[in-house]
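In what follows, a single structure is set out as structure tokens and then discussed.
The values are calculated or read from the model by the stated rules, or taken from the named source; none is laboratory data. As the structure is a computational prediction, the values presented were derived from the model and not from experiment. A quick note on method: Cβ atoms are made from the backbone with ideal geometry, for glycine too, and the neighbour counts reach across all protein chains shown.
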Amino acid sequence: MKAKGWRDLPPGSVVLEGGSAVKFKTGSWRAFRPIWIEENCIQCLFCWIYCPDMAVEVKDGKRTEFDYDYCKGCGICALECPGRKGQKAIVMAEEGK
Amino acid sequence: MATPLTLKELSKKEDRFTHGHRMCSGCGAPIVVKIAMMATEYPVVVSNATGCLEVSSCISEFTAWNVPWIHTAFENAAATLSGVETMYRSLKKQGRFDKDKEVKFIAFGGDGGTYDIGFQSLSGAMERGHDMIYICYDNGAYMNTGIQRSSATPLGADTTTCPAGSVIPGKLRARKNLTKIMAAHDIPYVAQASPSHWLDLAKKIQKAHEIKGPKFINVIAPCNRGWRSKTNDAIQLSRLAVNTCYWPLYEIENGVTRITVTPKEKISVAEFMKPQGRFKHLFSPENEGLLQRVQDEVDREWAKLQKEAKTD
């Protein structure tokens, strides 16, 4: 994303639309990447409610993939994931490996 | 009007607090905010005291808020919002705003902006009886400016302005009990909540919206930078805070105290403190007494709360 100069910004740098932070992708902050293992997932949605970055996509009440554009890789989801029969449905892996 | 509080139903709603905000990885505050914002269907106006949440959710050009939102200075989130609430009432009286449309008002502040700097404006707004909820996300220090002590910093914690070392063993004073201070304002609803118990938190927000008058909710919000813990333990630490009774979950409705979550087994407060680097020095032999003092204080507060509470 190209930074804007002062001529391109609205006067007073006023923000003109709500929820515009979605244009700012925070996924590049990530050092560890959460990986979803579907067969171990019980669809409890704890990962969704506890995600500080709203980076778990849920469609019709079922979780789907992570939104890696915004996930900062904190790992709360992996820690809170109850999994199935002791097998976690979310594991963390180092980025770039 | 009330949203059914199941994760499946809640997940179908549009985010009122969106991704792309720039809070640190693993921060507890956005979890508190997202749960608070999704717990109601009402149109909401938010005012936000200066603090981590404010500076990182609205960085030039971008805002993570999908609702009308006002950035205020450190000290006047409650005063600003009480003005907004009054304006809506006046516009309704003048016939310039739909009389039957219910608009709700929420102020967010960190512990610095609530316990310390914003305290007089909060106290004033509560005394004047404005119809609003004030939510404090309490991370126990001025984290945004680099971990300076606040009056919410717990006893014995290491911060940059009360550094633990050979002179002092971290903060020498206990934290002030703001939830009880707000209850002393005799307002209709005061509660304490934790993001780990999301349903309890959402229920409290929902209940507060249905009550007319000033409401105050104090929510613990772990900060892995300031607490010197890992990025993944915000929920685990807030759960430990509840289970050790360091942060009991209760509400005071019209003067009646009710404990909403009683831990199955009350564990030692050391379990909550051990994963946090800010308390590391308390586990060395010379600070044993201080650790015991922390435990005694937690026990005393918990006993007091149980005595006050109505058992159901």
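Every condition in (1) more than 7 Å from chain A (Cβ to nearest Cβ); (2) among the polar types (S, T, N, Q); (3) within 25 Å of B:H197 (Cα to Cα) is met by B:S25 except one, and the failing one is (1). Yes or no: A:P52 out of contact with any Lys or Arg (no Cβ under 9 Å at 6 or more places or on another chain) and under 21 Å from B:H21 (Cβ atoms)? It is false that A:P52 is out of contact with any Lys or Arg (no Cβ under 9 Å at 6 or more places or on another chain) and under 21 Å from B:H21 (Cβ atoms).
Here is a check on your reading of the model: is B:G289 in contact (Cβ under 8 Å) with a residue 40 or more places away in the chain and surrounded by fewer than 21 Cβ atoms within 10 Å (Cβ to Cβ)? Considered against the rule, which asks whether it is in contact (Cβ under 8 Å) with a residue 40 or more places away in the chain and surrounded by fewer than 21 Cβ atoms within 10 Å (Cβ to Cβ), B:G289 comes out as no. Total residues in the range B:24-45 satisfying the condition of being touching a Leu at 6+ places or on another chain (Cβ under 9 Å) and farther than 21 Å from B:D116 by Cβ: the figure is 6. Within the range B:200-253, the set of residues being more than 17 Å from B:V44 (Cα to Cα) and of a type in the set (G, A, S) comprises B:A221, B:G226, B:S229, B:A234, B:S238, B:A241. In the set (1) touching a Ser or Thr at 6+ places or on another chain (Cβ under 7 Å); (2) assigned to a helix (DSSP H, G or I); (3) free of Cβ contacts under 8 Å to residues at least 60 places away in the same chain; (4) buried (at least 22 other Cβ atoms within 10 Å of the Cβ), the condition left unmet by B:T153 is number (2).
Note on the range B:64-76: among residues that are more than 13 Å from B:V33 (Cβ to Cβ) and not aromatic (F, W, Y), the one that is nearest to the other protein chains (Cβ to nearest Cβ) is B:P68.
Only one of the numbered conditions (1) part of a loop (DSSP other than H, G, I, E, B); (2) over 23 Å from A:F24 (Cβ atoms); (3) among the charged types (D, E, K, R); (4) facing chain A (nearest Cβ under 8 Å) is violated by B:K8, and that is (1). Being in contact with a Gly (Cβ under 9 Å, 6 or more places away or on another chain), among the aliphatic types (A, V, I, L, M) and either at pLDDT 95 or above or closer than 24 Å to B:S194 by Cα (or both) is a description that does not apply to A:A93. B:T231 passes every criterion in (1) under 19 Å from B:T159 (Cα atoms); (2) within 14 Å of another protein chain (Cβ to nearest Cβ); (3) out of contact with any Gly (no Cβ under 6 Å at 6 or more places or on another chain); (4) surrounded by fewer than 23 Cβ atoms within 10 Å (Cβ to Cβ) apart from (3). Screening B:K180 on (1) within 14 Å of chain A (Cβ to nearest Cβ); (2) part of a helix (DSSP H, G or I); (3) not polar (S, T, N, Q) shows it passes everything except condition (1). Screening the range B:211-224 for residues that are in a loop (DSSP other than H, G, I, E, B) and surrounded by 21 or more Cβ atoms within 10 Å (Cβ to Cβ) and picking the one that is nearest to the other protein chains (Cβ to nearest Cβ) gives B:N224. Quick one: is A:G83 of a type outside the set (F, W, Y), touching a residue at least 40 places away in the same chain (Cβ under 8 Å) and at positive phi? So A:G83 fits the description; yes.
Please determine, by comparing only the residues of the range B:46-69 that are among the β-branched types (V, I, T) and more than 9 Å from A:G18 (Cα to Cα), which one is modelled with the lowest pLDDT. Looking at the filtered set, the residue picked out is B:I59. Closer than 19 Å to B:A208 by Cα, within 12 Å of another protein chain (Cβ to nearest Cβ) and surrounded by 15 or more Cβ atoms within 10 Å (Cβ to Cβ): is that true of B:A39 in this structure? The answer is yes for B:A39. Within the set B:L10, B:L5, the sole residue that is within 21 Å of B:K204 (Cβ to Cβ) and either in contact with a strand residue (DSSP E or B) (Cβ under 7 Å, 6 or more places away or on another chain) or surrounded by fewer than 19 Cβ atoms within 10 Å (Cβ to Cβ) (or both) turns out to be B:L5. Only residues that are more than 8 Å from every other protein chain (Cβ to nearest Cβ), over 17 Å from the mean Cα position of the chain (by Cα) and in a loop (DSSP other than H, G, I, E, B): list them for the range B:43-58, please. Scanning the range B:43-58 gives a single hit, B:P43. In this structure, does B:C136 turn out to be modelled with pLDDT of 95 or more and within 19 Å of B:H281 (Cβ to Cβ)? Here the answer is no, as B:C136 does not meet what is asked.
Scan the range A:60-83 for residues that are surrounded by fewer than 16 Cβ atoms within 10 Å (Cβ to Cβ) and in contact with a Lys or Arg (Cβ under 6 Å, 6 or more places away or on another chain) and the total you get is 2. For the range A:36-60, a tally of residues being over 15 Å from A:I76 (Cβ atoms) and of a type outside the set (S, T, N, Q) returns 9.
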